[in-house]
Amino acid sequence: MNNSNLVIFDTTLRDGEQSPGASMNTSEKLRIAKLLEKLNVDVIEAGFPIASKGDFEAVHKIASTIKGSTICALARAIEKDIDIAGEAIKPALSSRIHTFIATSEIHMQKKLNMTKDEVISQAVKSIKRITRYTDNIEFSSEDAGRSDFDFLCKIIEQAINAGANTINIPDTVGYCIPEEYGMLIKRLIENIPNSDKAIFSTHCQNDLGLAVANSLSGVINGARQVECTINGLGERAGNASLEEVVMTVKTRQDLFNCNTKINTKHIVPISKLVSSITGFPIQPNKAIVGANAFAHESGIHQDGVLKHRETYEIMLAQDVGWDDNKIVLGKHSGRNALKTRLNELGYDFTEDNDLNKIFDNFKKLADIKHEIYDDDLHTLVSSKYSDQPSKYFKLINIQSSSNFNNKAESEVIIFYQNKENKTTASGGGAVDATFKAIEKIVKSNSLLRLYSVNNITDGTDSLGEVTVRLEKNNVIVNGLGADSDIVVASAKAYIDALNKLYELLKIK
Ligand code: KIV
């Protein structure tokens, strides 16, 4: 085992997708996986194949496409989960199966209704079954943070004997504090007789805001894999943020006797991609990837930075992919210039058709906006600008008017049920009127749970990105839309959410 290498196990596509409203389709997952590969993550947890046909397809597709990272599938310690996971990762050049079973008293008694011996034998049986598919095997003792220490030692020793070579210690409910979690890792490594045959891994949820601190404490105490997600996405309050873990280890090499292989220049582009696909905005003061992460407002700080950058900056913005959001292209830029810049930003276009479509949209936008920034390009490439999946509804046109003294009016035309449907509605503002008109045609009776608007760059001609979260029958979806007209962006986001909702609810 190379002790100086810290394995980065990204679970944005699995734990990250478990955030309410963050579900992604296969092509979105593949785009994220391609940037994760560029980022040079060691392991991509691509999904939980037993969960649905869509999850299986996504893992299989990622396993067939990505060659630079190990592709991992999650499986409960259950035969059929493992067989389906094995099938899903088959095409991968390098694959892993990650199996888990709960080991805390409360989970074993109340959830599994199993004795300790039954849990051990189930874990061992499952690990042995995984050897049919791969010898890269990860075992997680779910809720390890609240499990009995002696029992953890016993089950982990047997898991390693059965063939597990990565042992993950999840703080499933985000209950631990850093010193406690670090000590847990240290004591496990010291007390389990065969611990040298496996890499110990952290998996920390963020319920108390301690996921990154706990993970790093685990690393200081001997863990050599961190499970984490882009932007800290994940179940409930999220998981440890990849960018914070990686940059802490890189910046504080005086404290960590290990480092990652992450190509940190791709951090900001992937953070933006994940935010844009999931519709989860990045808070401006978020470490590393927030818009203000490298901005100095106070005069004293600005003065210090101008005199000597390191007075107030511990990292270089360029090292994590901030590039001052340069004006790179304009109205007169050609197809080749666009392709070159997109490649520099981490996008590959193997299909000429894809590039042609983006180039057309680029020209339309450049006509309105003249100066095109990198952030505009990220949005242009995303499906929220155009080419939204429109299995059920397609937005044909909107005409809206605002009025200082009276209600706003909106007329929308939507292609639905094989015909164009046109209607008008009035509302408190143009967006409200547009949503009412859409609902008049569609009659979805869904609940609007979130409406959020974000401008991509400065200026009133900026592209606006809108997220619309809808809920119906306990299914939650995020719809995304972008346009230089905020009413159009809002309508696109609403229609996108409706298409996703109808797809998931299988409404005819
Ligand atoms: O939080 C958790 O325990 C998990 C395991 C499956 C690793 O997600």
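The values are calculated or read from the model by the stated rules, or taken from the named source; none is laboratory data. Note that the structure is a prediction, hence the values are computed from the model and not measured. In this analysis, Cβ positions are derived from the backbone assuming ideal geometry, glycine residues included, and neighbour counts consider all displayed protein chains. We work out accessible area using only protein heavy atoms, side chains counted, and drop any ligands, DNA or RNA first. Shrake-Rupley method; radii C 1.70, N 1.55, O 1.52, S 1.80 Å.
Yes or no: residue 189 among the aliphatic types (A, V, I, L, M), surrounded by fewer than 23 Cβ atoms within 10 Å (Cβ to Cβ) and not in a strand (DSSP E or B)? Yes; evaluated as a whole, the condition is true for this residue.
Got a sec? Which of 238, 290, 222 is touching a Gly at 6+ places or on another chain (Cβ under 7 Å) and surrounded by 15 or more Cβ atoms within 10 Å (Cβ to Cβ)? If you could, list the steps in order and put the result at the bottom.
Numbers: 290 fails: touching a Gly at 6+ places or on another chain (Cβ under 7 Å); 222 fails: touching a Gly at 6+ places or on another chain (Cβ under 7 Å).
The unique qualifying residue is 238.
State which residue is modelled with the highest pLDDT when the search covers only region 321-333 and only residues that are open to solvent by less than 30 Å² (accessible area, probe 1.4 Å) and out of contact with any Lys or Arg (no Cβ under 7 Å at 6 or more places or on another chain). For region 321-333, the residue satisfying everything is 333. Out of 69, 121, report the one residue that is out of contact with any strand residue (DSSP E or B) (no Cβ under 9 Å at 6 or more places or on another chain) and of a type outside the set (D, E, K, R). When all the criteria are applied, what remains is 121.
Of all strands (runs of 3 or more DSSP E) completely enclosed by region 389-492, which ones contain at least 2 residues that are of a type in the set (Gly, Ala, Ser) and under 24 Å from residue 274 (Cα atoms)?
Strands (runs of 3 or more DSSP E) meeting the threshold: 475-483.
Checked against (1) away from the ligand (no atom under 16 Å from the Cβ); (2) assigned to a loop (DSSP other than H, G, I, E, B); (3) crowded, with 21+ Cβ neighbours inside 10 Å, residue 231 passes all but condition (2).
Given the condition in contact with a Pro (Cβ under 8 Å, 6 or more places away or on another chain) and more than 16 Å from the ligand (Cβ to nearest atom), answer yes or no: does some residue in region 168-187 qualify? Among the residues of region 168-187, not one is in contact with a Pro (Cβ under 8 Å, 6 or more places away or on another chain) and more than 16 Å from the ligand (Cβ to nearest atom), which makes the answer no. When we screen 23, 19 for residues that are in contact (Cβ under 8 Å) with a residue 60 or more places away in the chain and open to solvent by 10 Å² or more (accessible area, probe 1.4 Å), the only hit is 23. Scan region 114-157 for residues that are among the aromatic types (Phe, Trp, Tyr) and either assigned to a loop (DSSP other than H, G, I, E, B) or crowded, with 21+ Cβ neighbours inside 10 Å (or both) and the total you get is 2.
Looking at the structure I just gave you, is residue 28 under 16 Å from the mean Cα position of the chain (by Cα), more than 24 Å from residue 500 (Cβ to Cβ) and away from the ligand (no atom under 13 Å from the Cβ)? It is false that residue 28 is under 16 Å from the mean Cα position of the chain (by Cα), more than 24 Å from residue 500 (Cβ to Cβ) and away from the ligand (no atom under 13 Å from the Cβ).
Of the residues 46, 33, 51, only one is under 19 Å from residue 68 (Cβ atoms), within 15 Å of the ligand (Cβ to nearest atom), outside the structural domain of residue 497 (by TED's automatic domain parsing) and free of Cβ contacts under 8 Å to residues at least 60 places away in the same chain; which? Before you say what the answer is, go through the steps one by one.
Details: 33 fails: within 15 Å of the ligand (Cβ to nearest atom); 51 fails: under 19 Å from residue 68 (Cβ atoms).
Going through 46, 33, 51 in turn, the sole match is 46.
I need the full set of residues from region 82-113 which are buried (at least 20 other Cβ atoms within 10 Å of the Cβ), without any contact (Cβ under 8 Å) to a residue 40 or more places away in the chain and of a type outside the set (A, V, I, L, M), in order please. Selection gives 107 alone.
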